[in-house]
Amino acid sequence: MRKNVIKLDQVVQTNSGRQEGLLYVGLNPDGSWVSIPVIIVEGKKEGPVLLVDACTHGDEYEGAEAIINIARSLNPKEFKGTFVGVPALNFDAFSFNRRISPIDNTNLNRVFPGNPNTYITQRIAHAYMEKLVKKADFNISFHGGGNVLHLEPLVGYQPQDDERGKISKKMAQAFGTKVPWSLQNLPFDGVLAIEAKKLGIPAILPEIGSHCSRLYDRQKNIELSTNGILNVMKVVGMLQGEIEQISGQIDVELQYFHTDNGGIHKIEKNVMERVKEGEVLATITDVFGNIVSEVKAPYDGIVIGFWSVPVILPGEWSYLYGKILT
């Protein structure tokens, strides 16, 4: 365990091995700071540094509550190493319940490792990488369906081309969802879990919680996320105890299907439904009831998620679809 490896710019509270505070990124015009909230809990015994973050997208908050739960419940006498929790990495987006920054309208999970000399979201990414990610041994970066997607819970793991990637897959499998997700062939760059791999840090990307599940399954998803963190802590040697194995896990590579046209979005297939090549996943109609687009499965696979609000814009994600690997 690397004592005092993380220096906070403002310490809000310190109590029995637990420290809460802020990392500063830049001053706002009103004198307040664009900041990153951090919770540090140090175990009494030597061990690794586990960094867990949520709300890279500000409307994906189930992981934030799990981080708070873990930080409040951990007993320093009972675990090894250091737990570092960042419940709202994109603090301003979190405050406004928005996916992306309300300051510069930039998607934080598309710009890692960031840039200290340009717009604020780039600076947040850079500060996070330099001040926290590079000081971690393992990372869990929570995501979810946010305000517009419904998702089956799944956990992304890094490409399997080295030992770090294999550790990442073990973390994902132990986390406790039915679907581990291979983070390969992503249609976008700047994803934290991929940039962490370049630094030799095993990382996973849980997608837990979504628009449709919040009314009924919010607490269930928070508990899933909380237990997932504890399971990962067991895998990396920070906690003792058995991990309950999930039987019948379905390993997938994820693909995002977009609509050609906007309109009223009608769901034809539900999550975890097996689909054959050519079957219709979604139908989009105009306000006169005419079909203007269909989203079809280009190969046999399984539904992981879909756009869950009634109206969709042209070019938006319609379905998240899994190519089954195992």
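Numerical summary
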read-out: Single residue of N109, N139 found to be within 23 Å of W317 (Cα to Cα) and either modelled with pLDDT of 95 or more or not hydrophobic (A, V, I, L, M, F, W, C) (or both); value: N109
read-out: Qualifying residue in region 298-306 (condition: modelled with pLDDT of 95 or more, β-branched (V, I, T) and surrounded by fewer than 17 Cβ atoms within 10 Å (Cβ to Cβ)); value: no
read-out: Hey, G289 more than 28 Å from I204 (Cβ to Cβ) and either part of a strand (DSSP E or B) or free of Cβ contacts under 8 Å to residues at least 24 places away in the same chain (or both) or not; value: yes
read-out: Matching entry among E244, E277 (being surrounded by fewer than 14 Cβ atoms within 10 Å (Cβ to Cβ) and closer than 21 Å to G176 by Cα); value: E244
read-out: Output for region 18-45, where each listed residue is assigned to a loop (DSSP other than H, G, I, E, B) and crowded, with 16+ Cβ neighbours inside 10 Å; value: G43
read-out: Test: residue in region 230-252 that is within 25 Å of the chain's Cα centre (by Cα) and in a strand (DSSP E or B); value: yes
read-out: Those residues of region 67-109 which are on the phi > 0 side of the Ramachandran plot and crowded, with 22+ Cβ neighbours inside 10 Å, in sequence order; value: G81
read-out: All positions within region 266-285 that are without any contact (Cβ under 8 Å) to a residue 24 or more places away in the chain and assigned to a loop (DSSP other than H, G, I, E, B); value: E268, E277, G278, E279
read-out: Where P113 falls short, out of the listed (1) surrounded by fewer than 24 Cβ atoms within 10 Å (Cβ to Cβ); (2) in a helix (DSSP H, G or I); value: (2)
read-out: Filtered residues of region 280-293 (kept if surrounded by 13 or more Cβ atoms within 10 Å (Cβ to Cβ), farther than 30 Å from Q249 by Cα and not hydrophobic (A, V, I, L, M, F, W, C)); value: T285, D286, S293
read-out: Residues (at pLDDT 95 or above and out of contact with any strand residue (DSSP E or B) (no Cβ under 7 Å at 6 or more places or on another chain)) located in region 1-29; value: P29
read-out: Qualifying position, being modelled with pLDDT of 95 or more, under 30 Å from H265 (Cβ atoms) and surrounded by fewer than 18 Cβ atoms within 10 Å (Cβ to Cβ), among V155, V191, V148, V179; value: V148
read-out: Residue identified as of a type in the set (A, V, I, L, M, F, W, C), out of contact with any strand residue (DSSP E or B) (no Cβ under 9 Å at 6 or more places or on another chain) and at pLDDT 95 or above among L230, L320, L239; value: L230
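The values are calculated or read from the model by the stated rules, or taken from the named source; none is laboratory data. Small disclaimer: the values here were computed from a predicted structure and weren't measured. Backbone-built Cβ (ideal geometry, glycine too); neighbour counts: all protein chains shown.
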